[in-house]
Amino acid sequence: MTRLDKYLSKSLGISRKDSKRLVLSGRVRVNGKIVRDPSKKVEGSVQLDGKVIEKPRDKIYIMLNKPSGFVSSTRGDQPTVLDLVDHPRNKELFPAGRLDKDAKGLIILTNDGNFAHLVTSPKKHVEKEYEVVIDGRSENAMKLLNGIKLRDGYLTKATRVEILDGKTVRIVVTEGKYHQIKRMMAAVGLKVKELKRIRIGGLTLDVEEGKWRELTKEDLKKILSGHDRSA
Ligand code: URA
């Protein structure tokens, strides 16, 4: 059981001091009764000004459709992905896998380090699908299916390549190496003009650019079920 002040501060994303004040002011009810003791252990329904306050979730998972121009880090001088997410517990979040500043699309933000590791570790083979606008002969991208050595000697390959038109290809990889798509494309003579991640595992991007939503339990299952079984 959680203390009332902790419950409120976690659920509402406010400080412990502010949640204590709320309780002392008599605006908080537990199971219908006003409770003025911040240390009271709570079970059941908690209400603030008559509105039910959901139980705090320890772990937070968010899908963001990142526009270009934002960096995938938590602080710095440049605009970060966190600037786009007005979640009350924003400060706990970090990106599970990066997108370059000029790249767009699906990025997951979480406060769950184990989950982030599962999604990003090359050993876990969670698929990532990108839509790439390229400069050059799109057919060359097909060569990536046979595997290619990047400049640092790392051997990588695409598990699927689809040419959408003369300048756009869809490509699926299961690792998350630094600048991986740009480096793979460069290795077959193609320059990346636009890069958008549209899927991680079985989870497809479904919010508009610049928008975010919390992931459901089903979404989380989908992410980890999208493994590349051929790897
Ligand atoms: N590959 C890249 O080159 N950049 C990204 O942002 C993601 C994958």
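The values are calculated or read from the model by the stated rules, or taken from the named source; none is laboratory data. Given the structure is predicted, the values throughout are model-derived calculations rather than measurements. So basically every Cβ, Gly included, is an ideal-geometry build from the backbone, and we count neighbours across all protein chains shown. Note: accessible area is taken over every heavy atom of the protein model, side chains too, but ligands, DNA and RNA are not part of it. Shrake-Rupley method; radii C 1.70, N 1.55, O 1.52, S 1.80 Å.
Assorted remarks:
- For region 146-230: rounded, prolate or oblate by the Cα gyration tensor [a/c cutoff 1.5]: prolate
- Shape of region 2-52, Cα gyration tensor, a/c cut at 1.5: rounded
- Translational diffusion coefficient (Stokes-Einstein; Kirkwood radius from C-alpha pairs) of the chain at 37 °C, 0.692 mPa s, in µm²/s: 166 µm²/s
- Carbon + sulfur, % of accessible area of region 2-52 - ligands and nucleic acids excluded, 1.4 Å: 48 percent
- Charge context of PHE94, other residues only, Cβ under 15 angstrom, K/R +1, D/E -1: +3
- At 1.567 mPa s and 4 °C, Stokes D of region 33-126 from Kirkwood alpha-carbon radius, µm² per second: 83 µm²/s
- Working note: Debye formula, equal point scatterers on the alpha-carbon atoms of region 82-183, no solvent; log10 I(q)/I(0) at q = 0.12, 0.19 Å⁻¹ is -0.47, -1.01.
- Distance between the pseudo-spin-label points of ILE198 and ASP102 (7 Å out from Cα toward the beta carbon): 2.1 nm.
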